[in-house]
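First the structure, in the form of structure tokens, and then the observations on it.
Read-outs: derived from the displayed coordinates by stated rules, not from any lab. In this text, all values refer to a predicted model and were calculated from it rather than measured experimentally. Every residue, glycine among them, receives a Cβ derived from its backbone with ideal geometry; neighbour counts consider all protein chains shown.
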């Protein structure tokens, strides 16, 4: 249950791999759920169901993107750059694809902890 609740939170960070895995799984789930809605809901309730599901999916996408930008040490306000035609979307996609800002620090701390001086005989 925690991963599902985590989809709607704007706090914290998401690594590049976690972001793209969640986006792929979210896309597959969205396709399945929209197909299921089309089959199960009556025709007069279909627009309402699609609006509710679309709103939930948009909220999940926003929260994932905000947390990915936090990992890049950028503000959530950077999502507004996507409103600039063509260039804004390309810039945002590039930011979501790069490694996080603390990546080098995390690697340095791991290698420093992993290295041990040789023990004299």
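Things worth noting here:
- Multiplying the residue separation of residue 15 and residue 79 by 0.36 nm and removing their Cα-Cα distance gives an extension gain of 21.3 nm.
- Global form of the range 1-90, assessed from the alpha-carbon gyration tensor, a/c cut-off 1.5: prolate
- Burial ranking of peptide ranges 8-21, 60-73, 83-96 (average Cβ count within 10 Å, highest at the top): 60-73, 8-21, 83-96
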